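To start, the structure under review is shown below, and the notes come after it.
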Amino acid sequence: MSQENVDVVRGMWQAFLRRDFDQSLAAFHPEVEWDGTNLPDGTIARGHQAIIDHSARWFGMWDDWTIDVDGFFDAGDEVVVIIRERGRSKTGIDMDERHAEVYTLEEGRIVRRRGFSDTTQALEAVGLRP
């Protein structure tokens, strides 16, 4: 089952990166928990609208923004994704960061997403050694 979970998350990211947002969103359970508490103004929200709102707010902050997925790590019912983001904000702040997201899956759908500013903490949170 865990390879299937990696495939679900990988497919979601592939759709997102090619800007097929409907297909990307379809990987998430309608009542997904979206945990963005790793961000200064982050909150925990639920549902597809939480993902749409977060994404719109984030995209709106950048004049130039790129994202690369550096790896997927299988942790059974959870998948860790290591991400590299680069960009320049509308206010002129440059960003070049590596961080992680942990996705929890049930029955082939993502039911929870947690953001981590520190990749080591994300791996440790699911019982993997960095």
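Numbers at a glance
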item: Residue among 92, 42, 108, 115 that alone is in contact (Cβ under 8 Å) with a residue 40 or more places away in the chain, out of contact with any Lys or Arg (no Cβ under 6 Å at 6 or more places or on another chain) and exposed (fewer than 13 other Cβ atoms within 10 Å of the Cβ); result: 108
item: Residue match in the range 107-121 (condition: touching a His at 6+ places or on another chain (Cβ under 9 Å), over 27 Å from residue 31 (Cβ atoms) and not in a loop (DSSP other than H, G, I, E, B)); result: yes
item: Failed criterion for residue 21 (all others in (1) over 13 Å from the mean Cα position of the chain (by Cα); (2) hydrophobic (A, V, I, L, M, F, W, C); (3) modelled with pLDDT of 95 or more hold); result: (3)
item: Identity of the residue in the range 72-99, among the small types (Gly, Ala, Ser) and at pLDDT below 95, that ends up nearest to residue 126 (Cα to Cα); result: 76
item: The range 16-55, residues that are under 22 Å from residue 97 (Cα atoms), among the hydrophobic types (A, V, I, L, M, F, W, C) and touching a helix residue (DSSP H, G or I) at 6+ places or on another chain (Cβ under 7 Å); result: 16, 34, 51
item: Which listed residue is within 15 Å of residue 118 (Cα to Cα), free of Cβ contacts under 8 Å to residues at least 24 places away in the same chain and hydrophobic (A, V, I, L, M, F, W, C), from 26, 100; result: 100
item: All positions within the range 85-130 that are among the hydroxyl-bearing types (Ser, Thr, Tyr), more than 22 Å from residue 12 (Cβ to Cβ) and in contact with a strand residue (DSSP E or B) (Cβ under 7 Å, 6 or more places away or on another chain); result: 89
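Okay, residues lined up against (1) surrounded by fewer than 13 Cβ atoms within 10 Å (Cβ to Cβ); (2) within 18 Å of residue 118 (Cα to Cα); (3) in contact with a strand residue (DSSP E or B) (Cβ under 7 Å, 6 or more places away or on another chain):
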| residue | (1), (2), (3) |
| --- | --- |
| 30 | yes, no, no |
| 34 | no, yes, yes |
| 38 | no, yes, yes |
| 47 | no, no, yes |
| 60 | yes, no, no |
| 71 | yes, yes, yes |
| 81 | no, yes, yes |
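The values are calculated or read from the model by the stated rules, or taken from the named source; none is laboratory data. A quick note: this is a predicted structure, and the numbers were derived from the prediction, not measured. Virtual Cβ from ideal backbone geometry, glycine too; neighbours counted across all protein chains shown.
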